[in-house]
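Colleague: Just passing along the structure, written as structure tokens.
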Amino acid sequence: MIAENLISVKDLIKTYRTGAIEVHALNNVSLSINKGEFLAIMGASGSGKSTFMNILGCLDNPTSGEYLMEGVSILGRDKNQLAELRNSKLGFVFQSFNLLPRTSALENVELPLLYNNKIGTRSRNEKALDALKSVGLGDRINAMPNELSGGQQQRVAIARALVNDPLIIMADEPTGNLDSRTSYEIMGIFQKLNEKGITIVMVTHEPDIAQFAKSNVVFKDGKIISNNPVNERKVATEELLKIATLTEKNATT
């Protein structure tokens with residue numbers, strides 16, 4: 001089977017100017033992302049990984065280069081066109097969850113659908129409910145964010161990213177505020193979604209979290225220095241079982 005290319009970037013350059021100082025955040029970066037990929041983007045602070053993610057997510061423009069999504073150029077579009085693209089093609093998950101505090105889990109998930117005038121209130125409600133069920137929160141739809149644990153809030157954020165049936169989920173440090181067990185639970189959700197065919201691009205600084213992805217791309221000084229499949233890939237269900245066994249063992253000793 002021939003891999004279907006979703007995103008292709010070529011010779012991306014991103015330069016920032018601070019007075020007379022010129023900073024090269026990205027320096028001739030080229031990468032292809034195929035449908036069904038689960039990619040972890042890694043690198044030290046200042047390596048260019050966040051700048052690259054912002055460009056992939058249509059939140060920023062490169063200084064020069066080429067960016068194709070499904071074979072169509074993304075560059076040169078205006079703010080409204082980019083906003084429509086983000087809402088229809090991309091789902092975002094952030095480290096800080098970014099939930100509205102005075103809004104229920106269900107209403108938070110419905111938010112992206114409010115910008116889709118083709119979907120009525122009933123369909124919007126049903127799609128949001130299905131998304132919450134898919135992340136294991138079908139019984140907490142009316143809960144407010146302050147009534148949910150960090151892991152549950154991130155599940156709501158993932159459901160919100162899923163509700164518009166995106167081509168790609170872009171996750172920026174999705175486990176950065178979570179403990180190990182909860183982080184592995186979130187990785188389990190991502191692995192299940194990926195098995196269903198959803199493409200995932202994830203920024204992480206944690207090597208153990210990157211092991212749940214299929215491939216790791218490492219940035220340094222604005223360049224990709226490695227792009228390799230993950231050997232001995234971790235499976236979240238197996239890692240959670242190890243934690244449960246160890247916890248049970250410690251409790252009996």
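Bear in mind these aren't lab numbers, they're just calculated from the coordinates by the rules spelled out. Small disclaimer: the values here were computed from a predicted structure and weren't measured. Neighbour counts run over all protein chains shown; Cβ positions are idealised from the backbone, glycine included.
Colleague: In segment 112-120, is there at least one residue being touching a residue at least 24 places away in the same chain (Cβ under 8 Å), in contact with a Leu (Cβ under 9 Å, 6 or more places away or on another chain) and surrounded by 19 or more Cβ atoms within 10 Å (Cβ to Cβ)?
Modeller: no
Colleague: Among the residues of segment 82-126, write down those that are basic (Lys, Arg) and under 20 Å from the mean Cα position of the chain (by Cα).
Modeller: Step one: filter segment 82-126 for residues basic (Lys, Arg), giving 86, 89, 102, 118, 122, 124.
If the condition is that a residue be basic (Lys, Arg) and under 20 Å from the mean Cα position of the chain (by Cα), then ARG86, LYS89 are the ones that fit.
Colleague: Determine, yes or no, whether ASP139 is loosely packed, with under 15 Cβ neighbours inside 10 Å, free of Cβ contacts under 8 Å to residues at least 24 places away in the same chain, out of contact with any His (no Cβ under 7 Å at 6 or more places or on another chain) and of a type in the set (Asp, Glu). Full working, then the answer.
Modeller: Values: loosely packed, with under 15 Cβ neighbours inside 10 Å: yes; free of Cβ contacts under 8 Å to residues at least 24 places away in the same chain: yes; out of contact with any His (no Cβ under 7 Å at 6 or more places or on another chain): yes; of a type in the set (Asp, Glu): yes.
In short, yes.
Colleague: Might you let me know whether segment 218-228 holds any residue that is crowded, with 18+ Cβ neighbours inside 10 Å, in contact with an Asp or Glu (Cβ under 6 Å, 6 or more places away or on another chain) and over 14 Å from SER180 (Cβ atoms)? Full working, then the answer.
Modeller: We begin by selecting, within segment 218-228, every residue crowded, with 18+ Cβ neighbours inside 10 Å; these are 218-219, 222, 224.
Narrowing further to those that are in contact with an Asp or Glu (Cβ under 6 Å, 6 or more places away or on another chain): none.
Within segment 218-228 (the criterion being crowded, with 18+ Cβ neighbours inside 10 Å, in contact with an Asp or Glu (Cβ under 6 Å, 6 or more places away or on another chain) and over 14 Å from SER180 (Cβ atoms)), the answer is no, since none of the residues qualifies.
Colleague: Take the residues of segment 58-68 that are within 27 Å of ILE209 (Cα to Cα) and either touching a Lys or Arg at 6+ places or on another chain (Cβ under 7 Å) or acidic (Asp, Glu) (or both): which is surrounded by the most Cβ atoms within 10 Å (Cβ to Cβ)?
Modeller: Of all residues in segment 58-68, those within 27 Å of ILE209 (Cα to Cα) come to 58-60.
Next cut, either touching a Lys or Arg at 6+ places or on another chain (Cβ under 7 Å) or acidic (Asp, Glu) (or both) only: 58, 60.
Numbers: CYS58: 22, ASP60: 15.
Here the answer is CYS58.
Colleague: Count, please, the residues in segment 69-87 that happen to be in contact with a strand residue (DSSP E or B) (Cβ under 7 Å, 6 or more places away or on another chain) and under 14 Å from ILE168 (Cα atoms).
Modeller: 2
Colleague: Does segment 2-15 include one or more residues that are exposed (fewer than 13 other Cβ atoms within 10 Å of the Cβ) and of a type in the set (Gly, Ala, Ser)?
Modeller: Quick first cut of segment 2-15, residues exposed (fewer than 13 other Cβ atoms within 10 Å of the Cβ) only: 2-4.
Filter again for of a type in the set (Gly, Ala, Ser), leaving 3.
Yes: one or more hits.
Colleague: Report yes if some residue within segment 78-91 is without any contact (Cβ under 8 Å) to a residue 60 or more places away in the chain and assigned to a loop (DSSP other than H, G, I, E, B); otherwise report no.
Modeller: Checking segment 78-91: at least one residue is without any contact (Cβ under 8 Å) to a residue 60 or more places away in the chain and assigned to a loop (DSSP other than H, G, I, E, B).
Colleague: Check whether at least one residue in segment 174-191 is part of a strand (DSSP E or B) and surrounded by 23 or more Cβ atoms within 10 Å (Cβ to Cβ), and report yes or no. Before you say what the answer is, go through the steps one by one.
Modeller: Step one: filter segment 174-191 for residues part of a strand (DSSP E or B), giving none.
No, segment 174-191 contains no residue that is part of a strand (DSSP E or B) and surrounded by 23 or more Cβ atoms within 10 Å (Cβ to Cβ).
Colleague: Which pairs do you get when a residue that is free of Cβ contacts under 8 Å to residues at least 60 places away in the same chain, found in segment 235-251, comes within reach of a residue that is surrounded by 13 or more Cβ atoms within 10 Å (Cβ to Cβ) and outside any helix (DSSP H, G or I), reach meaning Cβ atoms under 7 angstrom, with the pair 6+ apart or on two chains?
Modeller: That search, which allows pairs on different chains as well, returns ALA236/PHE212.
Colleague: How many residues, within segment 109-131, are in contact with a Lys or Arg (Cβ under 6 Å, 6 or more places away or on another chain) and closer than 12 Å to VAL156 by Cβ?
Modeller: Residues flagged as in contact with a Lys or Arg (Cβ under 6 Å, 6 or more places away or on another chain) and closer than 12 Å to VAL156 by Cβ within segment 109-131 amount to 2.
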